[in-house]
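The values are calculated or read from the model by the stated rules, or taken from the named source; none is laboratory data. This is a predicted model, so every value here is computed, not measured. Positions of Cβ are backbone-derived with ideal geometry, glycine not excepted, and every protein chain shown enters the neighbour counts. To get the accessible areas, we keep the full protein, side chains included, count just its heavy atoms, and leave off ligands, DNA and RNA. Shrake-Rupley method; radii C 1.70, N 1.55, O 1.52, S 1.80 Å.
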Amino acid sequence: MKYKSLIFSIILVSVTLLASWTVPALVQKMTDDSHSYPLMYYSARLKELCVIDFREHKNSFYDIHGNEYPRAQYDSLLPLLNYRQLAMEGQLPDSLEGQAIDVKILRSKQVMFRFRPVDVFSPQPAMGVLLEAMPKRGNLTLPGDYFRMDRELTFVDAQSNSVNRQKSEIFTKELIKKGFNFPVKAYWGNPTVRKPYEEGYFCLDSKGALFHLKMVNGRPFVKDTGIGSQLGIRWFVMSETSDKRFYGYLFGEKGEMGLLESTDEGGYRFLPFDIRPIDITKDEISILGNLLYWTVRVSDAEGMDCYGLDAVTLQSLSFYHQDRKRVLWDELSEWLFPFRLSPSSETSSFVNLYAGNLSSKGLAVSFFLALLTFFLCRNKVSLYRRILMALCVCAAGLSGIVALLFLLWNKYE
């Protein structure tokens, strides 16, 4: 057969690629374990971060210095986390640190936020919805049109799918008048009526300036926040909170993370978190905030960093680090697989062919296995095939060996 060597090469490479996905996946299924971290919360009573994990400590919880507290004191020592339970039992304190508290105040000051790298890599909506910021009947309603933003702001009627030229020109001219430079780099908003109020969108122009855009009484409201001159803006997450303290969470190109707040004069300011630099392509972030303190947890493939911050200044009051728990899979993957293929990724929700877990130890072992393959097969197959088989083993490690075991070497001689 004229093309036996070519067919052999195609089959060998194909089987090796398939094994590079299936073999590590099966080994991981048998040897991996959970990498979840415990709940962390800054205690207004203890003035310290507490570790809450009733799976391992069923009858107690502890602070980051190792001091244990009985589970019976869980509600009273964390009153701003468990205020609903304390209120039901009539044990909610009247004040904390000189501030009067009740359920309504605590609910309005409660902050919950989660950020994952997949949020950045997922496609952003091609169109937005600009709601009326001052509805006459008090309830937010859909306007009946949508907008797209690239080299201009264009409104499209949802029913007829036709462009509303008049409205588009009014809003586009107002943006240009206030100094906005098209084309737009990105724009972020919260296109839903299930929120307490409407703050529109924040738009990043071609020169890196961040503008605030919303619709008030059917007319455009456009204002340059001035934040773009302070830091390079990489990402923004809109969050219309009940107390109207801030617009959302801002991420800078150098790892900055903070709040975009409004000032008393009607301006804007960036209030940074006193935490380590953030990599939005790798870090998962969760925030639990209350009237007095915010608990910020940042985790990646190496471990978790947790911070207790003052709610007003966002300055760090307490810090805790926990390394990622190493399990048998971590040890095996380092030595057996120089790389692995997978149809899924932690940074994307789309099915694709992803390569990862590059390991220098795995490459060394794979090189040794490739040499063994080359010399052990010298009397069985041709030199060309030995070289090809050794290369596959060198690239895939144990997965390459498994691929060779399933391949009939002499079938295409």
Residue span F375 to D279: 0.36 nm per residue of separation minus Cα-Cα distance leaves a gain in nm of 30.0 nm
How much of the calculated P(r) for the chain lies past 30 Å, in percent of all Cα pairs? 59
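Let me check something: with ligands and nucleic acids excluded, how do E334, E152 order by accessible area (1.4 Å probe), largest to smallest?
Details: E334 50, E152 80 Å².
If we order E334, E152 from most to least accessible, we get E152, E334.
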Alpha carbon centre of region 258-282 versus region 354-413: separation in Å? 52
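Keeping the other protein chains in place, figure out the carbon and sulfur percent of the accessible area of the chain, with a 1.4 Å probe. Spell out each step's value before the answer.
On the way: 12260 of 22500 Å².
Roughly 54 percent of what the probe reaches on the chain is carbon or sulfur.
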Express in Å², to the nearest 10, the accessible area of I278 obtained by rolling a 1.4 Å probe over the protein heavy atoms while all chains stay in place. 20
How large are Rg and Dmax for region 230-279 when calculated on the C-alpha trace, in angstrom? 11.0, 33
14 Å tail of the calculated P(r), region 299-358, as % of Cα pairs: 71
Cross-link partners of K47 among aspartates and glutamates (Cα-Cα below 20 Å; sequence separation of 8 or more within a chain): D63, E68, D75, D94, E97, D274, D305, D310
Pairwise label distance in nanometres, N59 with Q159, each label 7 Å out on the Cα-Cβ vector: 6.8
Once you put a point 7 Å from the Cα of Q99 and another 7 Å from the Cα of K325, both along the Cβ direction, what distance in nm separates them? 3.5
Mean separation of Cα contacts under 8 Å (6+ apart) over length of region 91-222, as relative contact order %: 21
Would you grab the residues whose amide H sits under 5 Å from the one on Y268? Only those 5+ places off in sequence or on another chain, please, with H modelled 1.01 Å from N. T263
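Determine, for each peptide in 167-173, 256-262, 335-341, the mean count of other beta carbons within 10 angstrom over its residues, then list the peptides with the highest first. Kindly include the intermediate steps, with their values, before the conclusion.
Numbers: 167-173: 17.9, 256-262: 19.9, 335-341: 22.0.
Highest-to-lowest ranking by the protection proxy: 335-341, 256-262, 167-173.
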Residues in region 67-85 that a label on Q91 would reach, taking backbone N under 19 Å of a point 7 Å out along Cα→Cβ: 68-85
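Suppose the chain between R269 and F350 were pulled fully straight at 0.36 nm per residue; how much longer would it get relative to their current alpha carbon spacing?
Details: separation 81, 0.36 × 81 = 29.16 nm, distance 3.60 nm.
Contour length minus Cα-Cα distance gives 25.6 nm.
What length, rounded to one decimal in nm, is gained on full extension from V193 through to I11, with 0.36 nm per residue of separation minus their alpha-carbon distance? If you can, show how the numbers build up before the last one.
Values: separation 182, 0.36 × 182 = 65.52 nm, distance 5.49 nm.
That pair, V193 and I11, stretches by 60.0 nm at full extension.
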Once ligands and nucleic acids are excluded and a 1.4 Å probe is used, how much of C394 is accessible, expressed in Å² to the nearest 10? 40
